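Pasting a structure below so you can have a look.
Read-outs throughout are calculated quantities, based only on the coordinates presented, and are distinct from any laboratory measurement. Every value quoted in this text rests on a predicted model; they were computed, and no experiment measured them. Neighbour counts run over all protein chains shown; Cβ positions are idealised from the backbone, glycine included.
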Amino acid sequence: MLAQQLLNGLVVSGVYALFSLGFTLVFGIQRILNLAHGAVFMTGAMVAYYTVDGGGPLWLGFILAIVVSGLLSVLVEIICFRRLRKTGDEEFGGVVSSIGAGLVITTIAQQVSNTQILRFPFETFPVVIFRFWDLRVSMLQLFMAGAAIVMVLILGYLFYKTAFGRRVRAVTDNEHAAMLMGINPNRIYSQTYFLAGALAGAAGVLVGLAFNSISFVMGDPYLMFGFAIIILGGLGSIPGALLASVVFGMVQTLTIAYLPSGLTDTIIFAALFLILLIRPHGLLGQEDAGNLGGRR
Amino acid sequence: MNSFVAGYIPLFDLYCLHVGLALSQYIVLRVGVFSLATAAFAGIGAYTAGILAVDLGMHPVIGVIAGTATGMAAAIFLSIPLARLRGVYQAIATVAFIQICLSLNIYSENLTGGAMGLNNIPKTVGTLTLFIFAALATYLIWSLEKGRIGRAFNTIRQDEAVAASLGISIRKHQMLAFAISGALAGLFGGLEAYHSYAIDPKQFGFHLLITILSYVIFGGRNSVIGPLVGAAFLIILPELARPLAENRMVIYGIMLILVINYMPKGVADTAIDALKARKLKARGAASS
């Protein structure tokens, strides 16, 4: 029983990792808390649903979802944040502006879906269940875990092993210095937002498949969990976000399995609150929350 | 004519309630604390008032006072840990606080009615009461602004180091702003409970947070007129554009993006600044 729960927790962790990696990437590079990220995630699920609904195969839906949510995320960056960065009010303004973008996207999705909960047709993803030892693993779970691992590996490769990754890290470190080195920060921002959105879109499709329910509000709880994960991992830290996703996925699965279910959220957010107070830089983050304002 | 006026009374009630909440949000932003907890305080106030009336049959006056007091107590309690955080981290912590309140509220079904909410609250608050309280709240904040405290708030928001060097206690003033914010939110939460027969937990969640924040951002964060104008505009706008009423949230969203990008001070404050600049210019032209 416990082993089964841990396994389920691991699969859930993969989805959280996909969602929060983009979230933390954007925060790390721009110091902007992108509250439209949940809406981008939801868009991914919607795109996949409507592709399948329109008769397309699931793999096409998956790819389309990744591309569309990536582009949407870039659009959010250009419309909401580009101007704010110049005026230097991105910390407060970014939150407000991205709340606005999130509202617009979710309301449009609400109209498109007629406020209904959408479900993939039966057997969109073949239901195959493997058994080994005492554990049950569905094909879908394997696919989710596999997709999450592949994407995280790709991201890690891009980020730490390529010239693109070096440019991103240079801009994160010091935008001005990076510009003097001939890097166009706006282009880097667009690329990072595309990556972040694509990851969120992929997570959206996986969640939509796993729970087989897609609705315009599905992004909200994940946004909240995303907060908890990136704080726990240390804002802007990619390994931290990965570690925190695993911790979080496990804790959530175990609390749902073994504690009164109504209290799960309370425990998670109380923990978030405590972490913020006791260890604001999270598990692996380096920056102290108190210093961020730079004015103290 | 009479039915015309009657048709708009619910809108006016909503306006009065939301002005109170917007002022509660305004006053914390005013001292440079990025707290979004007003929705949670309003929920605490509303539930205190509602439970007192439904379960214990208390007089509404006691209920409203108790709602105000609990809202204020919660705010003071929250201000202590929040003083350690800055900027975005405060926003995250307060959103977490809202979520904690929400899930505790849904969990403790015996007390709060859980997800079904609290029903059958006797309606004892009318339009006039709401208006009086909204006016009082506005006056309270306005008079605070005029005095020493208002100037201290300004200094803290603009530069905490300068404020500290002038002997202004940042912690004390932020706690004061929080106390006022919590009290106002609790008060108007309580009024809402007595005004609307029923309350439910979701009502005081993320949605309310966004609505209130929009008022303040849209109107302006530097003068009392800001939240008043913001609330008026954003409540009336969907009514004027009836076909767009379903898309109220799209309008809010676009407004938020446009205003924060192109008019970061808010509509009212930008207008006030423009008027002041014009006056100065006229005076300069006259003297030279």
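Pairs to check: B:172/B:202; A:86/B:265; B:146/B:276; A:86/B:279; B:146/B:172. Give those whose C-alpha atoms are more than 25 Å from each other in this structure.
Violating the 25 Å limit, Cα to Cα: B:172/B:202; A:86/B:279.
Would you mind computing, in nm to one decimal, how far apart the modelled labels at residue A:259 and residue B:207 are, each placed 7 Å from Cα along Cα→Cβ?
It is 2.8 nm.
Among B:239, A:91, which comes first, then next, by fewest other beta-carbon atoms within 10 Å?
B:239, A:91
Sticking with this one: Where the centroid of each part is defined by its Cα atoms, how far is segment A:251-281 from segment A:48-69 in Å?
Centre-to-centre (Cα) distance: 34 Å.
Okay, moving on. Among A:223, A:21, A:180, rank each residue by its count of other Cβ atoms within 10 Å, from fewest to most, as a rough exposure measure.
Details: A:223 24, A:21 29, A:180 9.
The order, fewest Cβ neighbours first, is A:180, A:223, A:21.
Given axes a ≥ b ≥ c from the Cα gyration tensor, I'd like to know whether segment A:1-141 is rounded (a/c under 1.5), prolate (a/b larger than b/c) or oblate. The partial results should precede the final answer.
On the way: a/c = 2.80, a/b = 1.60, b/c = 1.75.
It comes out oblate by the Cα gyration axes.
Roughly how many Å is it from the Cα centre of segment A:118-174 to that of segment B:1-63, as a whole number?
What the calculation gives is 45 Å, centre to centre.
So, one more: Which one, A:244, A:170, A:17, has the greatest fluctuation when you compute a Gaussian network model over chain A with C-alpha springs under 10 angstrom?
Highest fluctuation among the options: A:170.
Rounded to the nearest 10 degrees, what's the angle between the helix A:37-53 long axis and the longest principal axis of chain A, both from Cα atoms, 0 to 90?
That works out to roughly 40 degrees.
Hey, another quick one. Please find, in a Gaussian network model of chain A (springs between Cα atoms separated by less than 10 Å), the residue of A:252, A:116, A:30 whose mean-square fluctuation is greatest.
A:116
Additional query: May I ask for the Rg/Rh ratio of the protein assembly as shown, computed from Cα atoms with Rh as the Kirkwood radius, given to two decimals?
Looking at the protein assembly as shown, the ratio lands at 0.98.
Quick one: among A:189, A:49, A:157, which has the greatest mean-square fluctuation in a GNM of chain A with alpha-carbon springs under 10 angstrom?
Highest fluctuation among the options: A:157.
If you line up the long axis of helix B:38-56 against the longest principal axis of chain B, both from Cα atoms, how many degrees apart are they, to the nearest 10?
Approximately 30 degrees, to the nearest ten.
Does segment B:1-140 classify as rounded, prolate or oblate by the C-alpha gyration tensor (a ≥ b ≥ c root eigenvalues; a/c under 1.5 gives rounded; else a/b over b/c gives prolate, otherwise oblate)?
Oblate is the answer for segment B:1-140, as a/c is 1.5 or above yet b/c matches or exceeds a/b.
Also, I was wondering about something else. Classify segment B:195-288 as rounded, prolate or oblate, taking a ≥ b ≥ c as the square roots of the eigenvalues of its Cα gyration tensor: rounded when a/c is under 1.5, otherwise prolate if a/b is larger than b/c and oblate if not.
Here segment B:195-288 falls in the prolate category.
Here's something else I'd like to know. What FRET efficiency do you get for residue A:116 and residue B:281 if R0 is 60 Å and r is their Cβ-Cβ distance, rounded to the nearest 0.05? Can you show the working numbers first?
Numbers: r = 57 Å, r/R0 = 0.95.
That pair, residue A:116 with residue B:281, gives E of 0.60.
OK, next. Bin width 5 Å, alpha-carbon pairs only: give the P(r) of segment B:8-287 as whole percents, running from 0 to the bin holding the largest distance.
Each 5 Å bin holds this share of Cα pairs: 1, 6, 12, 16, 18, 17, 13, 8, 5, 2, 1, 1, 0, 0, 0.
Counting other Cβ atoms within 10 Å of each Cβ, which chymotrypsin sites (Phe, Trp or Tyr not before Pro) in segment B:126-207 have at most 15 and sit in a DSSP loop?
B:197
Helix A:238-258: angle to the longest alpha-carbon principal axis of chain A, degrees 0 to 90, nearest 10?
40
Report the convex hull volume per residue for chain A, counting only C-alpha atoms, in Å³.
Value for chain A: 137 Å³ per residue.
Then there's this: Of A:90, B:109, B:145, how do they rank once you tally other Cβ atoms within 10 Å and put the fewest first?
B:109, B:145, A:90
Just to verify a number: FRET efficiency for residue B:61 and residue A:278, C-beta to C-beta distance, R0 = 35 Å, to 0.05?
Using R0 = 35 Å, I get an efficiency of 0.25.
Another question, if that's okay. Go ahead and run the numbers for FRET between residue A:1 and residue B:171, Cβ-Cβ distance against an R0 of 45 Å, rounding to 0.05.
Numbers: r = 50 Å, r/R0 = 1.10.
After rounding to 0.05, the efficiency reads 0.35.
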